[in-house]
Amino acid sequence: MVKPKTAEEIELLRENAILVSKTLAEVGKHVAPGVTTKELDTLAETFIRDHGAIPSFKGFEGFPSALCMSVNDVVVHGFPSDYVLKDGDIVSVDCGTLYKGYQGDSAYTFPVGEISAETRKLLDVTKQSLYEGIKAAVAGARTGDIGYAVQSYVESFGFSVVRELEGHGLGREMHEAPGIPNFGRRGHGAKLADGLVICIEPMICAGGRGVYLANNGWAVHTADHKNAAHYELTVVVRKGGAEQLSTFEFIEGKQEVSN
Ligand code: MG
Ligand code: MG
């Protein structure tokens, strides 16, 4: 059963969405060659707790940390570690919060120092594919319309879409119905109701779309070990078009993190 959220629930989800947006910006300020992913995780956890929230990923089905930190060929669900970021790396940072009983969930792939033009293209196309998906998240449309929008955009650049993982509804639970695949057929899948809150999160590979699970049971790697990128935003489905709850504006300097 796919239920839209009430106005009160949407406001609580918005508070979470703003906090994850600001946390990602805080992390982004410190992404640089020489920094470990564990150091970035620690500062994110401190930032979240200082705002009275809980890092919702920590302890979720045994996940060890506040952030998923996925470097280069890791698509998602990487563990923060003593790995020292180096010039030319990319790091996908996925952040979740629990605040006032509701969830926040967004992700951003950061370049480390100078990256190649090819990798820059992967990041730009993946982020834009997320916005293409958001444009399709109109009340009355279906999940397949979002998937089609993401997939057709990405594949027009020769990149590929991971199919084993998908976006989701968001509320009191981190993963609610409906699933939001990043591939699909227009007019297929669950219908999107006005007031439905969803996370759209393209996971895009520079090479082939094959992936495998690491021995730790969490990290998802590209099979060909080429880079992958991941961007995620939380939106409310509306009749005239989706409304973004989380934003990259704090990361990209278009809004100040005031507190
Ligand atoms: Mg996420
Ligand atoms: Mg998510």
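Miscellaneous remarks
- Sorted largest first, the principal axis extents computed over the alpha-carbon atoms of the chain equal 47, 43, 37 Å.
- Using only Cα coordinates, the Kirkwood hydrodynamic radius of the range 18-109 works out to 12.9 Å.
- Using the 1.4 Å probe convention, the accessible area of the chain works out to 41 Å² per residue with neighbouring protein chains retained.
- Of 5/254; 5/127; 3/38; 38/226; 22/239; 29/239, those spanning more than 32 Å from alpha-carbon to alpha-carbon: 3/38; 29/239
- Residues whose amide H falls under 5 Å from that of residue 81, counting only those 5 or more places apart or on a different chain, are 37, 38, with hydrogens built in the peptide plane.
- GNM flexibility winner over the chain from 62, 133, 28 (Cα, springs under 10 Å): 62
- The accessible-area ordering, largest first, of the residues 163, 186 stands as 186, 163, per a 1.4 angstrom probe.
- 84, 161, 257, reordered so the largest accessible area comes first (probe 1.4 Å): 84, 257, 161
- Solvent-accessible area, 1.4 Å probe, carbon plus sulfur percent, for the range 7-244: 51 percent
- Computed over the chain with a Gaussian network model linking Cα atoms closer than 10 Å, the most mobile of 92, 81, 129 is 81.
- Each stretch of four or more DSSP H residues adds -39500 (n - 2.57); spread over every residue of the chain, this sum gives -9000 deg cm²/dmol at 222 nm.
The values are calculated or read from the model by the stated rules, or taken from the named source; none is laboratory data. Note that this is a predicted model, so its numbers are computed, not measured. The area values use the complete protein model at the heavy-atom level, side chains included, leaving out ligands, DNA and RNA. Shrake-Rupley method; radii C 1.70, N 1.55, O 1.52, S 1.80 Å.
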